[in-house]
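Report on the structure given below.
The values are calculated or read from the model by the stated rules, or taken from the named source; none is laboratory data. Everything numeric in this text was worked out from a predicted model, so none of it was measured. Cβ coordinates were reconstructed from backbone atoms using ideal geometry, including for glycine residues, and neighbour counts include every protein chain displayed.
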Amino acid sequence: MKKKLLLLVSCSVFLSAHVAQAQIINPGFETWSADMLVPTAMNPNTGNGSTGWWDFNLYNSSFLGSSPISVTRVTDTVHSGTYAARIESKVYTPTSWNIYNSYGIPFIGHAYNDTLGILFNGNVNVSTPSYAPGIPCSVKLTQYKFWYQYNPNGNDTAECRVALISSGALVAGGVFKTNAATTGWQQATINFTYISPLTPDTLYVLYSAASLDMSPKAHSVLWVDDVTVTLPTGVEDGLAEENGIEIFPNPSNGNFSVAHQTNGNKSQTVEVYNVVGELIWSETNKNKSTFNINISQSPKGIYFVKFNDGEKIATEKIVVQ
């Protein structure tokens, strides 16, 4: 029987010197409910209006576009317990795609395309309708782990993206990608990369059976089970307050500059991260007041620029459009 552990959501909890593990809402995918709009579909949550795991199965409804069901409950491929989640990438109809394509922006920084097999966390109310991505989390997590199996179509890539958010601003994130077919269960570990000293209030998690940034293929299948998060050991991340850099132009087409005041002959590092904390550009130099950056080949969306000169760390947002 799977352990049911509470996700720590209060910073008042004193963290011991030992790294502990906790599990998020429905971590073993043991709880499923019938879809409000599609009775034949089962979703890994406690029902409409609840916070937990969600998918795009509701778009199987003729009212929302008659798209295929992409997330299912399985009993034949499980890591432990009774159930696991099976995610299959499928081509959605133009009608449903026109509704959901912008939902990808909070998670991946750009709109979805029409081929999806997506499992994400949040609160969804179909009857309202309303959607709030993520689940409450005010702990600076260090790792996100899960067990998976993968059967890609060709060279397709499965992904898991995680992010800790504070009032809409990225605090930390990480990503796991694989295009390797598995012969059994494997454990994936995502280390959170922190770019802000803020205390998070929300944890975003998204799984995709196909690539989110390249060319996804239909019928790639990802199985997921037994999610855990690793808590910090009590040592706070020593980031300084955001200040001291200027980004221009912002928004940009991916070509922009980062200016700052030099302070002696110190090494200065500028890094650019995407919305899940994945490093996509970096340069280290001495006594350089302006860094010219080109990420125009990266997907359009929100990025974060981090400056570090050994004494101060500053982080600012850049929009690529």
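So here's what we get for this one:
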item: Residues being at pLDDT 85 or above and over 19 Å from S196 (Cβ atoms) - total across the stretch 269-289; result: 2
item: Condition met for T193 (without any contact (Cβ under 8 Å) to a residue 12 or more places away in the chain and at negative phi); result: no
item: Every residue from the stretch 23-36 that is out of contact with any Lys or Arg (no Cβ under 8 Å at 6 or more places or on another chain) and modelled with pLDDT of 90 or more; result: N26, T31, S33, A34
item: Residue ID - surrounded by the most Cβ atoms within 10 Å (Cβ to Cβ), chosen from residues in the stretch 134-160 that are in a strand (DSSP E or B) and among the polar types (S, T, N, Q); result: Q149
item: Selection status of G65, in the same structural domain as N153 (by TED's automatic domain parsing), on the phi > 0 side of the Ramachandran plot and touching a helix residue (DSSP H, G or I) at 6+ places or on another chain (Cβ under 6 Å); result: yes
item: From N125, N121, residue being buried (at least 22 other Cβ atoms within 10 Å of the Cβ), closer than 26 Å to I69 by Cβ, touching a residue at least 24 places away in the same chain (Cβ under 8 Å) and outside the structural domain of Y303 (by TED's automatic domain parsing); result: N121
item: Which numbered condition A163 misses (of (1) surrounded by 22 or more Cβ atoms within 10 Å (Cβ to Cβ); (2) assigned to a loop (DSSP other than H, G, I, E, B); (3) small (G, A, S)); result: (2)
item: Whichever residue in the stretch 259-311 is acidic (D, E) and assigned to a strand (DSSP E or B) and, among such residues, is surrounded by the most Cβ atoms within 10 Å (Cβ to Cβ); result: E271
item: Tabulated pairs, the stretch 43-64, first touching a residue at least 12 places away in the same chain (Cβ under 8 Å) and crowded, with 20+ Cβ neighbours inside 10 Å, second among the aromatic types (F, W, Y) and not in a loop (DSSP other than H, G, I, E, B), C-beta under 7 angstrom, 6+ apart or interchain; result: N43/W54; P44/W53; N45/W53; N45/W54; W54/F120; F56/Y100; Y59/Y100
item: Leading residue by the ranking (surrounded by the fewest Cβ atoms within 10 Å (Cβ to Cβ)) among those in the stretch 93-111 that are touching a residue at least 24 places away in the same chain (Cβ under 8 Å) and part of a loop (DSSP other than H, G, I, E, B); result: T93
item: Flag if T31 is part of a loop (DSSP other than H, G, I, E, B) and either touching a His at 6+ places or on another chain (Cβ under 9 Å) or surrounded by fewer than 23 Cβ atoms within 10 Å (Cβ to Cβ) (or both); result: yes
item: In the stretch 79-90, the residues that are crowded, with 17+ Cβ neighbours inside 10 Å and either aliphatic (A, V, I, L, M) or under 20 Å from I25 (Cα atoms) (or both); result: H79, Y83, A84, A85, R86, I87
item: Qualifying residue in the stretch 9-20 (condition: among the β-branched types (V, I, T), in a loop (DSSP other than H, G, I, E, B) and either under 14 Å from D226 (Cα atoms) or modelled with pLDDT of 90 or more (or both)); result: no
item: S252 out of contact with any Gly (no Cβ under 6 Å at 6 or more places or on another chain), at pLDDT 90 or above and buried (at least 18 other Cβ atoms within 10 Å of the Cβ); result: no
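Here is a yes/no grid of residues against (1) among the acidic types (D, E); (2) assigned to a strand (DSSP E or B); (3) surrounded by fewer than 16 Cβ atoms within 10 Å (Cβ to Cβ); (4) without any contact (Cβ under 8 Å) to a residue 40 or more places away in the chain:
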| position | (1), (2), (3), (4) |
| --- | --- |
| A180 | no, no, yes, yes |
| T183 | no, no, yes, yes |
| P200 | no, no, no, no |
| V205 | no, yes, no, no |
| P216 | no, no, no, no |
| H219 | no, no, no, no |
